[in-house]
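Student: This is the structure I have questions about; it appears just below.
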6 protein chains.
Amino acid sequence: MARPDGRQPDQLRAVTLTRQWSMHPEGSVLVEFGATRVLCTASVTEGVPRWRKGSGLGWVTAEYSMLPRATTTRSDRESVKGRLGGRTHEISRLIGRSLRACIDLKALGENSVVLDCDVLQADGGTRTAAITGAYVALHDAVSWLARRKALAGKPASVMRRSVAAVSVGMIDGEPRLDLCYEEDVNAEVDMNVVCTGDGDFVEVQGTGESGVFARQQLDALLDLGVAGCAELTEAQRKALAA
Amino acid sequence: MARPDGRQPDQLRAVTLTRQWSMHPEGSVLVEFGATRVLCTASVTEGVPRWRKGSGLGWVTAEYSMLPRATTTRSDRESVKGRLGGRTHEISRLIGRSLRACIDLKALGENSVVLDCDVLQADGGTRTAAITGAYVALHDAVSWLARRKALAGKPASVMRRSVAAVSVGMIDGEPRLDLCYEEDVNAEVDMNVVCTGDGDFVEVQGTGESGVFARQQLDALLDLGVAGCAELTEAQRKALAA
Amino acid sequence: MARPDGRQPDQLRAVTLTRQWSMHPEGSVLVEFGATRVLCTASVTEGVPRWRKGSGLGWVTAEYSMLPRATTTRSDRESVKGRLGGRTHEISRLIGRSLRACIDLKALGENSVVLDCDVLQADGGTRTAAITGAYVALHDAVSWLARRKALAGKPASVMRRSVAAVSVGMIDGEPRLDLCYEEDVNAEVDMNVVCTGDGDFVEVQGTGESGVFARQQLDALLDLGVAGCAELTEAQRKALAA
Amino acid sequence: MARPDGRQPDQLRAVTLTRQWSMHPEGSVLVEFGATRVLCTASVTEGVPRWRKGSGLGWVTAEYSMLPRATTTRSDRESVKGRLGGRTHEISRLIGRSLRACIDLKALGENSVVLDCDVLQADGGTRTAAITGAYVALHDAVSWLARRKALAGKPASVMRRSVAAVSVGMIDGEPRLDLCYEEDVNAEVDMNVVCTGDGDFVEVQGTGESGVFARQQLDALLDLGVAGCAELTEAQRKALAA
Amino acid sequence: MARPDGRQPDQLRAVTLTRQWSMHPEGSVLVEFGATRVLCTASVTEGVPRWRKGSGLGWVTAEYSMLPRATTTRSDRESVKGRLGGRTHEISRLIGRSLRACIDLKALGENSVVLDCDVLQADGGTRTAAITGAYVALHDAVSWLARRKALAGKPASVMRRSVAAVSVGMIDGEPRLDLCYEEDVNAEVDMNVVCTGDGDFVEVQGTGESGVFARQQLDALLDLGVAGCAELTEAQRKALAA
Amino acid sequence: MARPDGRQPDQLRAVTLTRQWSMHPEGSVLVEFGATRVLCTASVTEGVPRWRKGSGLGWVTAEYSMLPRATTTRSDRESVKGRLGGRTHEISRLIGRSLRACIDLKALGENSVVLDCDVLQADGGTRTAAITGAYVALHDAVSWLARRKALAGKPASVMRRSVAAVSVGMIDGEPRLDLCYEEDVNAEVDMNVVCTGDGDFVEVQGTGESGVFARQQLDALLDLGVAGCAELTEAQRKALAA
């Protein structure tokens, strides 16, 4: 019952975080989890949406999308269909919540950051790769604001913690880390774990669409997810130190 | 640090499940968790969507919505805005996954059931009330099909398990069951737990938007959620026995 | 040629007007005309739309909608389709015009009231039940404003008159009052009559889709409608006196 | 208290019905009620919408629209806004019902006719001009089908009756026929009357947005409307005889 | 290989420009190129869109549309479909660019002009007829502003140059001017040429969808287009002098 | 008056065509014109749209889009706005026409190819880079079909000719090849030239939004564009030979 790519059950795929992949954004990271490839850009604008003006608080939001042929068969564009699908909405909201958890909006001041996560190639785990990459892009965008003296608080206080995310799942009763697409579609339980660099949880979402899961299995998956996030945190640290 | 309505931390609000609240649907339940009031209807149609024809499998889907003035201030209608919001999408998908977990689609045969969950009055926990009520409505719709001899499998085998759901959260460091709106907006951690009647998990979603949470806290919240779902399962059993 | 529910041709169905059915809105009424059940809420906001600011006039508008399974077969949600249908538009406009006829917008002052009429269960006459119930909800909302001293004019002068509405129709050549669904689909002529408490007309809409009608028939239907509205006016009076 | 254009209270504006105004449609009429100018085209297609196939019945539907600068100030296009407004929906439905009243759908056979009524210039009464012109365009389209032997019934039996429509209203307590725009905005009561060539009613819609009206006033307006429709019927007869 | 209507290869169809066709717009022209008939209206509003306020510059924009039965078979309305098609967008943008080329936006001052070009009947060349007619409507709208002393610059300086447009194409290897619909669909190469009154180019768009074209052919088509525009310029001059 | 990047007026930017950039599509090319970076994928599906079935002809279509932060400032997503903009429509249509010009749809047989051109980074000339890259992706997709013996005609006959495209423009009266963004916004005349490998034209679009242009200038720009396309053709040939 080997994994399709020969990995150990608790082994991540090769992870790369390429900073400054694009020339225009204030932060931009091409994140790769194996063949999954997501372009995360952080776009800064001065000011906040009207309903938040005068609050002294900044705003961080996220939008997730897939190129039509990021997947094995082509999907119609949501811009052509004229509406966002439920999956897009759900993932965009997850990314936004996760990234807001790592920032002090008061120290950010009345600045807005939009995190665009566009999947260029999909092979499972696109939302967790997106969160992991978006953190690095957000960090770069905050540094950009710091260089311009545009933050309300001390630069060090804006990024309160780091976040990273990974998927875990049960396949044939075995808990596995960082599922590729082939594993994802066969998983009995599928869980996304978002952790801080300190190992705390930001978000946990576990689903047993083709089955149910016991507390013991949930615990095993959480252990695996926490360990995976710790490795990703280290990869983020190295990328930001480069 | 008493709860707004004087409950114990591990106490549910008054739960009522009124079957046959509407005269047209094959199953219809008005579910109340305290002041939260959701009308859950199950609409049966013969046949399945085109892409599923000939598969021998049935189809169960869910749509969640709120009346514009179910809430303290009025929200614009999504029909008037011309698009579904992200929250609506996210909750509809959660309800659909949860209810599909309790049904054997092969035994259902090529029949479709749409579960409409319309919030008439909101006071926290609308999505978990919706899942809890939709289970009863779905059960009634399957019985309706059984009476018409329209199921592919034995009636008893169609409903594989029951599902119920409840929200739990940390307020001022205290784990609490079944949050009302006032608690919900103040929770540091907010979790929705969907369990089967046997106490297994169908879905777990924990979010720490205004904070992060440790494994120990997660465990305490899960314990509380599992216990709450067991009580709701009992309420469902009684309602169906009536 | 008895009526499906054994009523006399000039007899209304049982009418109930339950005030304060919901806890959040400034006015809320569950109106029932037999099995037809419409939740009418009146939501007050301070101020008026931008184009009306500084005019000294208030604003009253209405939105009508049906739950997807209010009817014998399920209809797709307009929020999912992304557009309002013609019937929804037409009825919303009729309710809005009817309710604006009973209010002195100058005495209301720069306040806005939105009347949401959501059909929970449909058995014919939903638009006329909606108007009849919305009047009571609007009355309660105006009283709420009066208690807050937020009206521009004297409370008594804001509600210039009451309005009530009823459907009438020709079935097999017989004029009948307050058609249920089964009668509605078989009517040769279908008319909605909106009257004030004084018996004047606010709106009259008669349609002979499957036929035409003579002046004499029109006169008979108007007589029946006026009498029906008088009974409904009395029911409103009692509900408001309770 | 003379009318803006010096007419008698019971006098129509100059009415012209120009057939074959366009070269492509099976029927096309430019109808003018004074300065109001509506292009009515009837487009025939073989067959009926899918849900009606095999019924043996034809289908007649109508769409009303205004050019953006048909009015004194420019309105945004509904195609640019991406949605139809309530007024457009309401009027399109009225025209469709009125024209279906004059046709025997069984004798039409499984053919579809779309009546497009595009207002090129508006000066009050656009919907009634549209109905009056669309009747002539529909008549020409049915003749076109008759020449092609494409009708299910005898040509003479397809057009069961003629329809014409006119607006009437109370201005300063005086009942007036065929209101121009300036009168329309000042009317206390506004009514649209759709009659057959035999003087029966097809549709009656009376509204007292800025007031209410007594039975006596309603009667006076109906008298005026019936007389106006009789004159329009004569104009249609002459146009079709030309 | 005669042309369908017997014209010489370098001969325009009969061109008419009827000014003041509509009573409401500040400029309105019914332009006809043979059977092609486009109503061009120029609507003036004081002020400019928000993003342009304070710039001292005016704004000119254009919207092109076709009535549903302007063509041989009926097209669905874009307002009903809820979205503009690519062709509509493309042509609206072409008309807007062409007309902005003939106006000094600084001399226009902070006024906006919307040019609506609605095709009442189509027989090829609708976009070039629209540009040719819209120029005359724009000229009239600028004169209207001049009479009201509402221009920032001298009236004579606002209209910097005239523009006219014509289609040219290769049919069976022969370059032809001003294609009618039957020629248009059979053209190997189709080109739209927009020229100023001085014979300079404003826009050139050549397409060889069913083939490719050599430089020599391009040159022949350009010659033909320039000559055609010169004739149209003369027709515009006469219309404006009338 | 040197170019921003020091190029000669008739010099292209560095051009790279990276084949098989993505793993899922039948053809995929990352094309770079300097800093402009477009991912072109060709997605093959068996069969053609319904309206084309049984014709024996294939179908090739294109969709162009920009990532929100491909540009110097972030643009809102068209999927979020719920509608495609005019520019997107216009460019998608241009790419589609250009690529259809190089394929024999009969030899392709009833297969469909969608060319998705997503701009990852924009620095002028995105549409011409897209056409140039899409040709190579389409070539690979046709080879893929050939290997599967799924073409109706001989593989060699399907690709009738190659196409490449480049922008040219007048800056300060100087004709320049392959404008970068900074030049593009300052160009008096902007032209896109689409040529076949044999030097014939497929499409020519010249616009003088901030000015007009004489025949002589047009000729100079065409010369430059034809020469640029010849170089790009050579780059395509090399990429396909690799």
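Student: Once both labels are modelled 7 Å past Cα along the beta-carbon direction, what's the residue B:73-residue B:223 spacing in nm?
Tutor: The two pseudo-label positions are separated by 3.9 nm.
Student: Can you give me the % of accessible surface on segment B:79-218 that is carbon or sulfur? Probe 1.4 Å, all protein chains present, nothing else counted. Mind showing how you got there, number by number?
Tutor: Details: 1990 of 4430 Å².
Of all accessible area on segment B:79-218, carbon and sulfur atoms account for 45 percent.
Student: Among the DSSP beta bridges whose two residues both lie in the protein assembly as shown, what percent are antiparallel, rounded to the nearest 5?
Tutor: On the way: 267 of 315 bridges.
Once the DSSP bridges in the protein assembly as shown are tallied, antiparallel ones form about 85 percent.
Student: Going Cα to Cα from residue F:238, which lysines come in below 27 Å? Please leave out same-chain ones fewer than 8 positions away.
Tutor: Result set, ordered by chain and number: F:149, F:154.
Student: Further, regarding this structure: Tabulate in residue order the Karplus-calculated ³J(HN,Hα) for segment D:195-206, using 6.51 cos²θ - 1.76 cosθ + 1.60 with θ = phi - 60°, rounded to whole Hz; enter x for Gly and Pro.
Tutor: 10, 7, x, 8, x, 7, 8, 10, 7, 9, 10, x
Student: What is the packing order of peptides E:16-22, E:198-204, taking the mean over residues of other C-beta atoms within 10 Å and listing the highest first?
Tutor: Details: E:16-22: 17.3, E:198-204: 21.0.
Highest mean packing first, the order is E:198-204, E:16-22.
Student: Separate question: Ignore the peptide's own chain and count Cβ atoms of other chains within 10 Å of each Cβ in C:146-159; give me the average, rounded. All intermediate terms of the calculation are to be shown ahead of the outcome.
Tutor: Working: counts 0, 0, 0, 0, 0, 0, 0, 0, 0, 0, 0, 0, 0, 0.
Partner Cβ neighbours, averaged per residue: 0.
Student: Next question. Collect residues whose amide H, placed 1.01 Å from N in the peptide plane, falls under 5 Å from the amide H of residue F:5; neighbours closer than 5 in sequence don't count.
Tutor: Close amide H contacts, sequence-distant or interchain: none at all.
Student: Still on this model: Please report the spacing between the Cα centers of segment E:161-206 and segment E:84-131 in Å, no decimals.
Tutor: Spelled out, the Cα-based centre of one part sits 17 Å from the other.
Student: Just how large is the dipole of segment D:1-140 about the Cα centre, in debye to the nearest 20, putting +1 at every Lys and Arg Cβ and -1 at every Asp and Glu Cβ?
Tutor: Details: 19 positive and 15 negative charges, 86 e Å.
With Lys and Arg at +1 and Asp and Glu at -1, about 420 debye.
Student: Another question about this same structure. Which value, in Å to one decimal place, does the Kirkwood hydrodynamic radius take for the protein assembly as shown when every pair of different Cα atoms is included?
Tutor: Working: mean 1/r = 0.0282 Å⁻¹.
So the Kirkwood estimate lands at 35.4 Å.
Student: I've got another one for you. Copy-to-copy spacing for residue F:153, label 7 Å out on the Cα-to-C-beta vector, in nm, shortest first?
Tutor: Those separations, rounded to one decimal, come out as 5.3, 5.4, 5.4, 6.7, 7.9 nm.
Student: Along the Cα→Cβ direction, 7 angstrom out, place labels at residue A:234 and residue A:87. What is the inter-label distance in nm?
Tutor: Going by the 7 Å Cα→Cβ label model, 3.3 nm.
Student: Report, as an integer, the average count of C-beta atoms from other chains found within 10 Å of each Cβ along A:213-219.
Tutor: Numbers: counts 6, 4, 7, 0, 2, 6, 4.
Across the residues of A:213-219, the mean count of other-chain Cβ atoms within 10 Å is 4.
Student: Let me ask something else. Taking only protein heavy atoms into account and a 1.4 Å probe, give the accessible area per residue of chain A in Å².
Tutor: 38 Å²
Student: Among all cysteines in chain B, which have no other cysteine Cβ under 4.7 Å from their own Cβ?
Tutor: Result for chain B is B:40, B:102, B:117, B:180, no neighbouring Cys Cβ within the cutoff.
Student: Among C:196, C:73, C:126, whose mean-square fluctuation peaks in a Gaussian network model of chain C (Cα, cutoff 10 Å)?
Tutor: Residue with maximal mean-square fluctuation among C:196, C:73, C:126: C:73.
Student: Averaged over its residues, how many other protein chain Cβ atoms are within 10 Å of peptide B:73-80's Cβ atoms? Present the calculation step by step, with values, prior to reporting the outcome.
Tutor: Numbers: counts 3, 10, 1, 2, 7, 5, 12, 9.
Average neighbour count from other chains, rounded to a whole number: 6.
Student: Find how much the distance from residue E:50 to residue E:241 grows on full extension, using 0.36 nm per residue of separation minus their present alpha carbon separation; answer in nm with one decimal.
Tutor: Values: separation 191, 0.36 × 191 = 68.76 nm, distance 3.62 nm.
Extra length from residue E:50 to residue E:241 when fully extended: 65.1 nm.
Student: Give the chain F residue with the shortest beta-carbon distance to the rotation axis relating chain F to chain D, plus that distance as a whole number of Å.
Tutor: With distances in whole Å, chain F gives F:82, 4.
Student: Taking each label point as 7 Å beyond Cα in the direction of the beta carbon, state the distances from residue E:5 to the same residue in the other copies, shortest first, in nm.
Tutor: 3.3, 4.9, 6.5, 6.5, 7.7
Student: With Rg and the Kirkwood Rh both taken from Cα atoms, where does Rg over Rh land for chain F? Could the numbers behind the result be given before it?
Tutor: Working: Rg = 17.9 Å, Rh = 18.3 Å.
Computed over Cα atoms, the ratio is 0.98.
Student: Using a label position 7 Å from Cα in the Cα→Cβ direction, what is the ascending list of nm distances from residue D:87 to the same site in the other copies?
Tutor: Ordered by increasing distance: 2.5, 3.0, 3.4, 3.4, 4.3 nm.
Student: Give the residue from C:212, C:175, C:227 lying farthest towards the positive end of the charge dipole for segment C:143-237; charges sit on Cβ (+1 for Lys and Arg, -1 for Asp and Glu) and the dipole is referred to the Cα centre.
Tutor: It is C:227, whose Cα lies furthest towards the positive end.
Student: For segment E:174-190, just list the computed ³J(HN,Hα) in residue order, Karplus coefficients 6.51, -1.76 and 1.60, θ = phi - 60°, integers in Hz, with x standing in for Gly and Pro.
Tutor: Karplus-based 3J(HN,Hα) across segment E:174-190 equals 9, x, 10, 9, 6, 5, 7, 4, 4, 6, 4, 6, 9, 6, 6, 10, 10 Hz.
Student: Also: So what's the back-of-envelope 222 nm ellipticity for the protein assembly as shown, counting only DSSP H runs of four-plus at -39500 (n - 2.57) apiece and dividing by all residues, rounded to 500? Walk me through the numbers before you get to the answer.
Tutor: On the way: 42 runs with 490 residues, N = 1452.
Estimated from H runs of four or more residues: -10500 deg cm²/dmol.
Student: While we're here: Rank by packing, highest mean first: peptides B:109-119, D:113-123, with packing defined as the count of other Cβ atoms within 10 Å averaged across residues.
Tutor: Numbers: B:109-119: 22.9, D:113-123: 24.5.
Result, highest mean Cβ count within 10 Å first: D:113-123, B:109-119.
Student: Still on this structure, please answer the following. Just tell me which lysines come within less than 25 Å, Cα to Cα, of residue E:81; anything on the same chain fewer than 8 places away is out.
Tutor: Within the straight-line cut-off, residue E:81 pairs with A:81, B:81, C:81, D:53, D:81, F:53, F:81.
The values are calculated or read from the model by the stated rules, or taken from the named source; none is laboratory data. Note that the structure is a prediction, hence the values are computed from the model and not measured. Every residue, glycine among them, receives a Cβ derived from its backbone with ideal geometry; neighbour counts consider all protein chains shown. These area figures cover heavy atoms from the full protein model, side chains too; ligands, DNA and RNA do not enter into them. Shrake-Rupley method; radii C 1.70, N 1.55, O 1.52, S 1.80 Å.
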